[in-house]
Amino acid sequence: MITALACAGTLAACGGASGVAEPPHSLAPGGSATQPAKDSPRGEHLVLRMRKTGGIAGLGGPGALPGFSLYSTGRALVASQAKVTEYRLTPAARDRLLAEARAAGLGRSHTVPAGHVADAMVLEFTLDGAHSEIAEPGVRPDPATAFQARLDPARWPKADVASGPRPYEPSAVAVLASQGAVADGPVRSWPLAPLGKGTPVGAAVCTVAASGKVPSTTPNTAWRSGGKTYTVRLRPLLPDEH
């Protein structure tokens, strides 16, 4: 991955995805298909994804990580805020989970609206090229609501897990920069490509950098780049994202 490369598309982290034909749920509207990340095993592709959006807290905003991603190799990535944990499912467990997802109706695109509930949570699934949006509570029950419990690693039999849990180590991260000074120490000089030269993502601008090149930062660290002052949020790129 080229250090500080300006994002060419806008997927769930200012890039594109391969494998499942996932619609553009992204840091910014739009999206494009790309090849898997360089650190992915040959032929690995996304087969199942779930994310939660909406609710009182406004989940799923720009830069949000999907809660669960399963790949053809059995790699399962479970995200909580900015932390991603990696598991490896056995082939049999992977196939069983996908079969249960199809049995829950997720192999066909469908929507269950929230009706009059303004702050309902929405479960978004992608599987077999299908995209489904299930509101909680929705206007009618849907098997996908119960299926989401199967994506909780705490519920997986030990025999289903070939390895893990361990921290996911991305080869690249999305750098989400927002303008504004912060009164917490001196302003530091950003060492990579200009923060303002990336892809607009909500109120931020997104560039991509190799993980080992990104300097240590916090939400209260002020950075100077291109004559402007920014705060920076880092978001790991998943294997199917550029």
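The values are calculated or read from the model by the stated rules, or taken from the named source; none is laboratory data. Quick caveat: nothing in here was measured; it's all calculated off a predicted structure. Positions of Cβ are backbone-derived with ideal geometry, glycine not excepted, and every protein chain shown enters the neighbour counts. Calculation scope for accessible area: heavy atoms of the full protein, side chains included, ligands and nucleic acids excluded. Shrake-Rupley method; radii C 1.70, N 1.55, O 1.52, S 1.80 Å.
Screening the candidates Ala204, Ala174, Ala193, Ala210 for the property of being surrounded by fewer than 18 Cβ atoms within 10 Å (Cβ to Cβ) and either of a type outside the set (D, E, K, R) or assigned by the TED database to the domain that holds Ala76 (or both) yields one hit, Ala210. Of the numbered criteria (1) surrounded by 18 or more Cβ atoms within 10 Å (Cβ to Cβ); (2) closer than 30 Å to Arg42 by Cα, the one Glu169 fails is (1). When the stretch 106-123 is filtered for residues that are of a type in the set (Val, Ile, Thr) and in a loop (DSSP other than H, G, I, E, B), only Val117 remains.
Scanning the stretch 75-97 for residues that are open to solvent by 20 Å² or more (accessible area, probe 1.4 Å) and closer than 15 Å to Gln148 by Cβ returns Val78, Ala79, Ser80.
Of everything listed in (1) at pLDDT 95 or above; (2) open to solvent by 20 Å² or more (accessible area, probe 1.4 Å), the single unmet condition for Val139 is (1).
State all residues of the stretch 213-242 that are of a type in the set (A, V, I, L, M, F, W, C) and open to solvent by less than 20 Å² (accessible area, probe 1.4 Å); if no residue qualifies, say none.
Here is the first cut: in the stretch 213-242, the ones of a type in the set (A, V, I, L, M, F, W, C) are 214, 222-223, 232, 234, 237-238.
If the condition is that a residue be of a type in the set (A, V, I, L, M, F, W, C) and open to solvent by less than 20 Å² (accessible area, probe 1.4 Å), then Ala222, Trp223, Val232, Leu237, Leu238 are the ones that fit.
Of the residues making up the stretch 97-131, just one is within 30 Å of Lys158 (Cβ to Cβ) and free of Cβ contacts under 8 Å to residues at least 12 places away in the same chain, namely Ala99.
Within the option set Val122, Val112, being among the aliphatic types (A, V, I, L, M), touching a strand residue (DSSP E or B) at 6+ places or on another chain (Cβ under 8 Å) and open to solvent by 30 Å² or more (accessible area, probe 1.4 Å) holds for one residue only, Val122.
Residues are listed down the side, and each one gets a yes or a no for (1) under 30 Å from His116 (Cα atoms); (2) more than 20 Å from the chain's Cα centre (by Cα); (3) free of Cβ contacts under 8 Å to residues at least 60 places away in the same chain:
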residue	(1), (2), (3)
Pro137	yes, yes, yes
Gln148	yes, no, no
Arg155	no, yes, yes
Ala159	no, yes, no
Pro186	no, yes, yes
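Among the residues of the stretch 82-104, are any of a type in the set (Phe, Trp, Tyr), assigned to a helix (DSSP H, G or I) and not assigned by the TED database to the domain that holds Ala222? Within the stretch 82-104 (the criterion being of a type in the set (Phe, Trp, Tyr), assigned to a helix (DSSP H, G or I) and not assigned by the TED database to the domain that holds Ala222), the answer is no, since none of the residues qualifies.
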